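Here the structure comes first, spelled out in structure tokens, and everything after it is commentary.
The values are calculated or read from the model by the stated rules, or taken from the named source; none is laboratory data. On a predicted model such as this, the values are computed, not experimentally measured, just so you know. Methodologically, a virtual Cβ is constructed for each residue, glycine included, from the backbone with ideal geometry; neighbour enumeration extends over all protein chains shown.
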Amino acid sequence: MSELRYDGRVAVVTGAGHGLGRQHALELAARGAKVVVNDLGGDRAGVGASAGPAQDVVEEIKKNGGEAVANPDNVATVEGAQAVVQTALDSFGKVDIVVNNAGILRDRSFKNMSPEEFDSVIAVHLRGSFLVSSAAWPHLREQGYGRIVNTSSPAGLFGNFGQANYATAKMGLVGFTRTLGHEGAKYGIKANAIAPVAWTRMTEDLLPADAAAKLGVDKVTPLVAFLVHESNESTGEVYTVGGGRVARIMVTEGPGWGKNGDLSVEDIRDNWEAINVAEPHSVFKNVAEQMGPLNQQLRA
Ligand code: NAI
């Protein structure tokens with residue numbers, strides 16, 4: 001079987017000083033990519049900053065014979081995100097791959113969550129992914145090639161106590177990814193998202209203690225590496241990955257119920273069961289396709 005290589009490709013990995021991002025950077029570099037290792041170097045809540053973590057990963061890559069450069073900027077600011085991409089252009093002359101991975105946690109029950117706790121988490125995960133992708137986009141478009149992976153989360157897709165900020169950002173990334181999939185299609189740009197589970201400093205007190213060995217970051221990176229390879233044809237998709245299992249996650253719609261003419265509140269009550277039927281469900285490629293069943297109903 002042929003090995004997947006990234007020779008000649010330039011990758012930007014955000015939040016690559018620790019955890020999943022570090023593993024993505026190491027793997028891509030080991031397979032020939034030139035890598036920008038971005039990391040602000042703060043703590044799990046995003047407090048503080050240090051150039052150390054990104055630099056350490058760069059040294060590790062170089063020690064293994066790879067090519068990498070560190071960038072310590074904050075992806076949540078316009079200037080920081082531009083500087084991340086500029087580092088790739090200045091050091092390696094282009095950018096082909098963007099892995100939006102940087103993230104922080106500010107968990108709090110919704111009752112106690114402050115606007116600052118909400119905004120700061122949205123800023124890093126959602127706005128940061130937008131800003132870095134946006135800085136790279138003109139270059140990807142111009143060269144007619146690009147691969148983007150955004151990092152969502154099962155907590156965002158399915159909901160989790162104490163994570164209204166995080167879940168909002170992570171579900172937002174699904175809409176973002178799907179839209180980039182559509183807008184990038186003409187330009188050879190594929191954008192996908194992952195919803196990982198792995199043992200990192202972000203999850204070490206949330207996952208069961210015996211999970212460390214089974215939920216290594218090395219069981220997430222192969223999916224990311226595949227999605228950013230030139231042979232990957234999928235776009236706009238979301239995959240959950242962890243512990244050796246990978247599955248596609250879909251936004252689906254049930255068969256629905258409808259009537260022509262007036263619609264009353266009582267109609268809704270009386271047909272609630274039919275409205276909530278889940279099977280057979282549909283997975284639509286885009287909003288035009290999703291309008292299909294409605295158009296059918298309007299023609300009836
Ligand atoms: P981690 O805390 O080890 O890594 C996150 C990295 O992002 C850190 O090195 C941090 O310094 C960096 N970072 C934070 N804010 C930044 C900013 N503004 N600019 C640049 N860098 C910044 O955590 P982990 O687990 O590796 O998380 C990576 C991504 O995976 C995150 O987006 C996280 O939400 C997501 N994720 C992780 C899961 C897991 O099970 N570990 C589950 C679901 C999602």
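Numbers for the structure displayed
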{"read-out": "Helices (runs of 4 or more DSSP H) enclosed by region 1-95 - at least 1 residues per element that are hydroxyl-bearing (S, T, Y)", "value": "78-92"}
{"read-out": "Single residue of region 1-51 satisfying the filter (basic (K, R) and touching a Lys or Arg at 6+ places or on another chain (Cβ under 9 Å)) that is modelled with the lowest pLDDT", "value": "R44"}
{"read-out": "Test: residue in region 217-230 that is within 14 Å of the ligand (Cβ to nearest atom), modelled with pLDDT of 95 or more, surrounded by 17 or more Cβ atoms within 10 Å (Cβ to Cβ) and more than 14 Å from the chain's Cα centre (by Cα)", "value": "yes"}
{"read-out": "Residue match in region 120-128 (condition: at pLDDT 95 or above, out of contact with any strand residue (DSSP E or B) (no Cβ under 6 Å at 6 or more places or on another chain) and not in a helix (DSSP H, G or I))", "value": "no"}
{"read-out": "Per-region count, region 37-56, residues at positive phi and either among the β-branched types (V, I, T) or more than 8 Å from the ligand (Cβ to nearest atom) (or both)", "value": "1"}
{"read-out": "Tally of residues being basic (K, R) and either within 16 Å of the ligand (Cβ to nearest atom) or under 22 Å from the mean Cα position of the chain (by Cα) (or both) across region 57-101", "value": "1"}
{"read-out": "Among the residues listed as S109, S114, S133, the single one being on the phi < 0 side of the Ramachandran plot, more than 9 Å from the ligand (Cβ to nearest atom) and in contact with a Gly (Cβ under 7 Å, 6 or more places away or on another chain)", "value": "S109"}
{"read-out": "Residue in region 108-120 that is small (G, A, S), surrounded by fewer than 17 Cβ atoms within 10 Å (Cβ to Cβ) and closer than 22 Å to Y166 by Cβ present", "value": "yes"}
{"read-out": "Neighbours by Cβ (under 6 Å, 6+ apart or cross-chain): first from region 142-155, touching a residue at least 12 places away in the same chain (Cβ under 8 Å); second surrounded by fewer than 19 Cβ atoms within 10 Å (Cβ to Cβ)", "value": "G144/Y187; G144/G188; Y145/G188"}
{"read-out": "Filter result for the condition that a residue is within 15 Å of the chain's Cα centre (by Cα) and within 24 Å of V251 (Cβ to Cβ), over N160, N165, N150", "value": "N150"}
{"read-out": "Qualifying residue in region 180-187 (condition: surrounded by fewer than 18 Cβ atoms within 10 Å (Cβ to Cβ) and closer than 24 Å to A33 by Cα)", "value": "yes"}
{"read-out": "Filter result (more than 11 Å from the ligand (Cβ to nearest atom) and among the aromatic types (F, W, Y)) within region 159-188", "value": "F161, F176, Y187"}
{"read-out": "Any chance A191 is within 13 Å of the ligand (Cβ to nearest atom), of a type in the set (A, V, I, L, M) and not in a helix (DSSP H, G or I)", "value": "no"}
{"read-out": "Region 247-269, subset touching a residue at least 12 places away in the same chain (Cβ under 8 Å) and within 15 Å of the chain's Cα centre (by Cα), residue surrounded by the most Cβ atoms within 10 Å (Cβ to Cβ)", "value": "I249"}
